[in-house]
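Here it is, the structure, as structure tokens.
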Amino acid sequence: MKTLVIGPGGREHALVRALAQDSSVSEVHAAPGNAGIAQDAPCHPVDAQDPQAVTALARELGAELVVVGPEAPLAAGVADALREAGFLVYGPSKAAAELEASKAFAKEVMAAGEVPTAMARVASTEEEARDALEAFGAPHVVKDDGLAAGKGVVVTDDLEEALAHARSCFEAGGKVVIEEFLDGPEVSLFAVCDGERAVPLEPAQDFKRIFDGDSGPNTGGMGAYSPLPWAPEGLVEEIMERVVEPTLRVMAERGTPFVGTLFCGLALTSRGLRVIEFNVRFGDPETQAVLSRLRSPLGVLLRRAAEGRLSEQSPLEWAPSYAVDVVMAAGNYPDSPRKGDPIEGIEAAEARGASVLHAGTAEKDGRTVTSGGRVLAVVAQGKTLAEARDNAYAGVDEIRWEGEQHRTDIARKAIDGEISVAGPIGFRGDHPGDREGASPSGEAGL
Ligand code: AMP
Ligand code: GLY
């Protein structure tokens, strides 16, 4: 199976490597890829967000499966154009990608499916925003309604700061979603969906803030680990039953069935699990950790999803290990990252057993240089989470460039036993009482 991966980042590098290990995959190509992906697969300089250009490339290559990585091409209708041209595609239609592209749309679908999520209101004016912020109280959560690469959310105790973020979204012509604050640890779960059915991958946890101790602004994600040693038993089953399956049902009923990765960003709150957000693609940097442990062939899985044949999929097999990845970011990320700084030490990191996946890199005068905010993800496994973390940081220690920044506390709290789940979460057997934790989400109502 000739496979084409669309996208430029670390997630796509992880997808390319995992697909290359599947014996049913004869060739993997990437577009546009990046300097690291180019070492593993031919890269084609195509604008990932241009449906015609991507379709023309798929035709030229004779691609038998196209995997669309990031949200922007999906929201731009790249999967639709490919399907119309007769290609098998893993990734949702533009209409189904609204689950990520519009937070207000996602709330509507969750309300229809009674999926537990934060209470929310949409605001288009400063007055509406102030009313909603006062109604929910602090901490305040204000989200840009549209795509913002993980950086459109402000969580603050300061009402004026919350209002200022809302104002900047209005000035850019958008609206905001204002939510109640959700406490408790966060989980990222990816469900591979074929429009009707879904197969979950192992859950992961991401680190959204730029600095140690979850301080500083939100980023696309600074590191991840998987699986979660502290996860309540039955967590994945509960997410499938209460979140993924009803969402797939509602999307199919609306005539926009969801094919691709439904990424559930969840908070395990003191009142039960709540969806923080949906994304319509694999998460970055969670994918780098999650896929490093997948033993089942990824190409076969994604092809079955694209063909609507997940009923034929046997349970996934995973390495009996933990995986940690640490993102190394450019100086001044997430504001306006420095570019063009030469990177040293990638080979030394790999010699120590880590695998280095590229996100924002480019080749300049025969050297690998920084070319984006998140530059590399250093991934390693271990028999324990602590060992995986030590191995990942041993890799990170080998790599440097001017202005480089990374968090030093990825997976630390999990290892130190500092993560606890207070709410009634996880189906434990068939006791109906276990399912009553979260109030039914009439409360998802806008
Ligand atoms: P999102 O783009 O919706 O995933 O939000 C980015 C990050 O902001 C999440 O991963 C959370 O850490 C935080 N966040 C979003 N919504 C809430 C909420 N309602 N309560 C608390 N934190 C939130
Ligand atoms: N790591 C979160 C995301 O991919 O949006």
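The values are calculated or read from the model by the stated rules, or taken from the named source; none is laboratory data. From a predicted model like this one, the values you see are computed outputs, not experimental measurements. With ideal geometry, Cβ positions are generated from the backbone for all residues, glycine too; neighbour counts draw on all protein chains shown. Accessible surface is based on the protein model in full, side chains and every heavy atom, while ligands, DNA and RNA are left aside. Shrake-Rupley method; radii C 1.70, N 1.55, O 1.52, S 1.80 Å.
Counting heavy atoms of the protein chains only and a 1.4 Å probe, report the per residue accessible area for the chain as a whole number of Å². Display every interim value, and only then the final one.
On the way: 17190 Å² over 446 residues.
Per residue, the chain has 39 Å² of solvent-accessible surface.
Further question on the same structure: Under a no-solvent Debye model with one identical scatterer per Cα of segment 169-250, what's log10 I(q)/I(0) at q = 0.11, 0.16 Å⁻¹?
Relative scattering, expressed as log10 I(q)/I(0), comes to -0.44, -0.87.
Then there's this: For Ala30, what charge total do you get from the other residues with a beta carbon under 10 Å from its beta carbon, if Lys and Arg give +1 and Asp and Glu give -1? Numbers along the way, then the final one.
Details: positive: none; negative: Glu12, Asp40.
Residues near Ala30 contribute -2 overall.
Using DSSP to define loop residues, name the GluC sites (Glu not before Pro) in segment 276-380 whose beta-carbon has at most 15 other beta-carbon atoms within 10 Å. Please report the intermediate quantities before stating the final value.
Numbers: sites: Glu277, Glu286, Glu307, Glu312, Glu317, Glu344, Glu347, Glu350, Glu363; in loops: Glu317.
Answer by residue number: Glu317.
Which value, in debye to the nearest 20, gives the size of the charge dipole of the chain about its Cα centre, when Lys and Arg are +1 and Asp and Glu are -1 at the Cβ?
On the way: 42 positive and 70 negative charges, 174 e Å.
Dipole about the Cα centre, nearest 20: 840 debye.
Of Leu88, Leu99, Leu262, which has the largest mean-square fluctuation in a 10 Å C-alpha GNM of the chain?
Top of the fluctuation ranking is Leu88.
Take the chain, connect every pair of alpha-carbon atoms lying under 10 Å apart with a spring to form a Gaussian network, then pick out the residue of Gln52, Gln313, Gln39 with the largest mean-square fluctuation.
Residue with maximal mean-square fluctuation among Gln52, Gln313, Gln39: Gln39.
Additional query: Nearest 20 debye, what's the magnitude of the dipole of segment 260-338 about its Cα centre given +1 on Lys and Arg Cβ and -1 on Asp and Glu Cβ? Kindly include the intermediate steps, with their values, before the conclusion.
Details: 9 positive and 8 negative charges, 31 e Å.
That gives a dipole near 160 debye.
Here's something else I'd like to know. For segment 103-148, I need the span (max minus min coordinate) of the C-alpha atoms along each principal axis, in Å, sorted largest to smallest.
That works out to 29, 22, 16 Å along the principal axes.
Using only Cα positions of the chain, each an equal point scatterer, no hydration layer, compute I(q)/I(0) via Debye at q = 0.08 Å⁻¹ and quote the log10 values to two decimals.
Each listed q maps to, in turn, -0.42.
Let me ask something else. Treat segment 190-303 as a sphere of radius equal to its Kirkwood radius over Cα pairs and apply Stokes-Einstein at 20 °C in a medium of 1.002 mPa s; give the translational diffusion coefficient in µm²/s, rounded to a whole number. Write out the running numbers ahead of the final one.
Numbers: Rh = 15.1 Å.
Calculated translational D: 142 µm²/s.
Ratio of alpha-carbon Rg to the 2.2 N^0.38 Å globular estimate for segment 15-91, to two decimals, please.
Values: Rg = 11.7 Å, N = 77, 2.2 N^0.38 = 11.5 Å.
Compared with the compact-globule rule of thumb, segment 15-91 sits at 1.02.
May I pose another question? Within 10 Å, count the other beta carbons around each residue, average over each peptide in 192-200, 267-275, 226-234, and list them highest first. Intermediate values should be presented prior to the final figure.
On the way: 192-200: 21.0, 267-275: 22.6, 226-234: 18.7.
Put in order of decreasing packing, that is 267-275, 192-200, 226-234.
Report the Stokes-Einstein translational diffusion coefficient (µm² s⁻¹, integer) for segment 254-368, Rh taken as the Kirkwood radius over Cα pairs, at 10 °C with viscosity 1.306 mPa s.
On the way: Rh = 18.0 Å.
After rounding, the answer is 88 µm²/s.
In segment 1-119, what percent of the accessible surface is made up of carbon and sulfur (1.4 Å probe, ligands and nucleic acids excluded)? Please report the intermediate quantities before stating the final value.
Numbers: 1970 of 3990 Å².
For segment 1-119, the apolar C and S fraction of the accessible surface comes to 49 percent.
If one computes P(r) from the Cα atoms of segment 118-241, what percent of pairs lie at distances over 23 Å? The partial results should precede the final answer.
On the way: 3366 of 7626 pairs.
Looking at segment 118-241, the distances longer than 23 Å represent 44 percent of pairs.
Related question: More than 19 Å apart: what percent of Cα pairs in segment 38-149 qualify?
Working: 3581 of 6216 pairs.
Looking at segment 38-149, the distances longer than 19 Å represent 58 percent of pairs.
Just list whichever of Lys107/Lys208; Lys143/Lys175; Lys339/Lys364; Lys143/Lys339; Lys175/Lys208 have alpha carbons separated by over 19 Å in the model shown.
Values: Lys107/Lys208 22 Å; Lys143/Lys175 9 Å; Lys339/Lys364 11 Å; Lys143/Lys339 28 Å; Lys175/Lys208 23 Å.
Where the Cα-Cα span goes over 19 Å, the pairs concerned are Lys107/Lys208; Lys143/Lys339; Lys175/Lys208.
Still on this structure, please answer the following. Given a 1.4 angstrom probe, I'd like the percentage of the accessible area of segment 162-282 that is carbon and sulfur, rounded to a whole number.
Working: 1870 of 3860 Å².
Roughly 48 percent of what the probe reaches on segment 162-282 is carbon or sulfur.
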